[in-house]
Structures are given as C-alpha cells and as structure tokens.
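The values are calculated or read from the model by the stated rules, or taken from the named source; none is laboratory data. From a predicted model like this one, the values you see are computed outputs, not experimental measurements. Every residue, glycine as well, gets a Cβ built from its backbone with ideal geometry; the counts of neighbours run over all protein chains shown. Ligands, DNA and RNA are stripped out before the accessible areas are found, and what is left, the full protein with its side chains, is counted by its heavy atoms. Shrake-Rupley method; radii C 1.70, N 1.55, O 1.52, S 1.80 Å.
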Amino acid sequence: MKSILAFFCVLFSVSAWSNQLESIRVWPSPDNTRIVLDMGSAPAYDYFLLNDPHRLVVDLNQTQNRVSFAAIGNNSELITKIRDSKPPAAGSFRLVFELKAAVKPVVFPLAPAGDYGHRLVIDLPYEDQSRAPQQVVRQATPVGQKEIVVAIDPGHGGEDPGAIGPKKNREKHITLAISRRLAELINKEPGMRAVLTRTGDYFVNLNQRSEIARKAKADLLLSIHADSVANSGPRGASVWVLSSNRANREMAGWLEKQERQSELLGGVGEVISQADGNPYLTRTFLDLSMDRSRADSYAISEHILSAMGKVVRLHKSKPEHASLAVLKSPDIPSLLIEAGFISNPQEEQLLLTAAHQQKVAQAVFGGVKSYYRQNPPSGTMVASQSVSQAARQHTVRTGESLSLIAQRYGVSVSRLKGHNQLQSDVVKVGQILDIPSS
Ligand SMILES: [Zn+2]
C-alpha cells in the first residue's frame, strides 16, 4: 500500500511539473538587458507588465523552480530584484522582475544550440538610448585635425559564445581581449581613435554593431574572431574581405532567412556559419558596405596580413573572400580578422595568453597604421602629418645598415626599429624607412 502511494506521488509530480527552471542568467549591455531562463524542456509561458512600481511578471506553466534567487548574478541597472510570487495555477511558477523603469519586453523561446538547452529569452531594451556609451557626438573639427576612427567589433558575446575550443575556452572572451588591446594601441596613436562595438560580455546584434560604427563615423570596421573547424589540424590567422561574386537578390533572400535565426540565437556565430562561407561577415557588413570601395578593404587587409605574417602564423597569406557576401560598394571598408583557430589545441592555448593577444593586436594596428600613412583620408591629422612626413623617409641603399641610418638622422636604432615595426636589425636595399622626428 505504502509503495503504491509513493508510486502515485511520483506520477503526480511528474505530470504537475513537466518542466524545470534550471537557471536564470542576466546579461546587461549598454542598451538592453537580456534575461535568459534555462529550461528543462520547451517552455509554455505567459507574461505581463505592472506599474507602480514597474514589474515584469512571467508565468511558467507546469514548471518546477530549481533556482536560488540569492545566487543569481544580476548587475543590470534596470532590474532591481528578481523574485517569485504566488502562481496563478497549481504547478506553475511565477517570476517577478522588479524594474527601475518601464520597458517593452521582447520574449521568445530558443531551441537547444551548442552548450545550451531549451531557453526562454527576455530582452528588455532601455527606453533611454543615450545610455549607450559608444554614441559619441563628434564636433566639427578643423580640416587637418580630423581623427581616423576605427570601429573594432569583438565577435560574439553574452549568450553567444562563438566557437568553443577543445579546452572549453570561448571565442567571445578572446575576441574581446584582443579588441581591447587593439583599441588601446589605436587610442595611443595621435590622429587615430578606436570605438568598440561591445565593451563587455553581452550580446549585441549585428545591426547594432553596424549602427555603432556608423554613428561614430568610422573610417574602418574590423571584426575580430577566432576560427573553428571540426578538424583540429588547421591553425593560423586569416583576414576576410567581401566578395562581389553573387547577385544581390540571391543574397537578400538568404539573409532574410538567416537574420531571424541569428537574432534568436543571440548571436550569429558558428551555427549559421556552418551554412557556407562566412555569413557573420556578410550580415555585419551588409548595411555598412553600400557606398565606398571594396578595394580599400582589400588594400588594408594586405597591409594587416603583411604585418601579421611577421609575428604570427598565417592560415592564408592572401585576403580571403567571403563567398556569400555581395556588396557592390561598401560604405565603410570592413574586414573580418580570424586571429587563429580556437579548434586547434596549441592555438587555443596561445590565443589565451596576453603576449599572443598583444602580438595580434600590435600586428593589426601596424597594418592599419601603415595603410593610413600611405593613404590618409583627406582632412585628417594623419594626412597633414604625412605631408611633412614625406621628407622624413629614407630609401635604404647598398652598404647602409640600420645603425648608420639611425645615426644620420639623429635617432636611436631602437626608436627607428619601433617606428617601422622592424623585428630585426636587417634592412634590405630599396626598403623605405619612416624616420621618426628626433
Ligand atoms: Zn566568430
């Protein structure tokens, strides 16, 4: 009798709680907060808003809670408290998010992908978009004083981890680390300024990434990634530019389909890139790439590859074309840099080290700088510098050593090396050296 009773109890609990709330993750970003509910199975849910004070109430039908509210990491400025409340029906679970301001939530379920199981995603966009730190208003600057603005896009973030290495390291952290180092180098360079499309571990959709670059009036957009393939062999860095091989209408149809998927995924990442080519690149740059020349992107990518080739292993020594991208006239030259293969065990390890991240950042910076020094956009500080710079170049002749040239211009060898990003003291006849001001 006792065992029969126990049996019935088990049956009852299974039918009453066919689902479980397993964890709650909160991802604040500069313009929204994303809440992700990890569920045991596909959620059946309802939600509504309350005022005075502002609250979002989410009912999870037939769900058992396994979350300890005290343990939720919540650093969103919007959500003041996450708690439960009396459910409307037995067996369901009511979640209450206490909010600082009114919101228009976007709530949608996500099917299992990558490391994640079933999820319910709640996006809370901030009303006041002026909070976004990247929306810098640039004042009119006198001709010859304009900065070259480089938008740096750390791939993935938040709910979208990007590729995951054999040791479970996530691409999103590596891309952000390299991007920050690159931004620091650019910001130290007179006449140049960096803008990051994300500054922390949160999800930014591809439209927002483009929008941030456009608002900052970026001259260049660099999207930083780490490659991944099923086979652990391939390694090395590569640079992608847009290709113009296919028809726009073909592209548009494809993108429409992919866009929804990527928005839902909370990132685009590798799920979609399994399709063909490099759709991440495609989507990020579609909007950006309508007016200006793709040739710029190609030229810049050659400078970057040549700088990178001196310090890190290259996967491909020529810029690669994303096969799916159809962008007739890009309005911001845009490149995607794969810093290496996170799927390769040695390279995964390497990509985690500060020294290697710095090497990559330094090389990308060197390439960008050398391109703009040769092709400064008119009206920029770099353009006015390069006029006076012309007289400060030296073409190496037979019999000249680095120390001889340094001596002649009254600068130290190390300064001359650093200025020209030289890895050794060896110079070749015909090589052009920039002479730093003494
Ligand atoms: Zn990626």
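Ignoring ligands, DNA and RNA, how do T199, T398, T63 rank by accessible area with a 1.4 Å probe, largest first?
T398, T199, T63
Just read off the accessible area of E127 with the full protein assembly in place, 1.4 Å probe, to the nearest 10 Å².
120
Looking at F97, I72, F108, which one has the Cα that reaches farthest to the positive end of the dipole of the stretch 60-126 (charges on Cβ: Lys, Arg +1; Asp, Glu -1)?
F97
Around S92, which amide H atoms from residues at least 5 apart in sequence, or from another chain, sit under 5 Å from its own amide H, with H modelled in the peptide plane?
Q62, T63
So how do S343, S370 rank on accessible area, 1.4 Å probe, biggest first, that is with the largest at the start? Working shown, then result.
Numbers: S343 15, S370 45 Å².
Largest accessible area first, the residues go S370, S343.
Three principal axis extents, largest first, for the C-alpha atoms of the stretch 2-130, in Å?
On the principal axes, the stretch 2-130 reaches 63, 37, 24 Å in Cα extent.
Note down the accessible area of K167, probe 1.4 Å, to the nearest 10 Å².
Counting only protein heavy atoms, K167 exposes about 140 Å² to solvent.
Rank these by accessible area, largest first, 1.4 Å probe: F341, F108.
Sorted by accessible area, descending: F108, F341.
Restricting the count to DSSP beta bridges whose residues both fall in the stretch 2-130, what percent are antiparallel, rounded to a multiple of 5?
In the stretch 2-130, DSSP labels about 95 percent of beta bridges as antiparallel.
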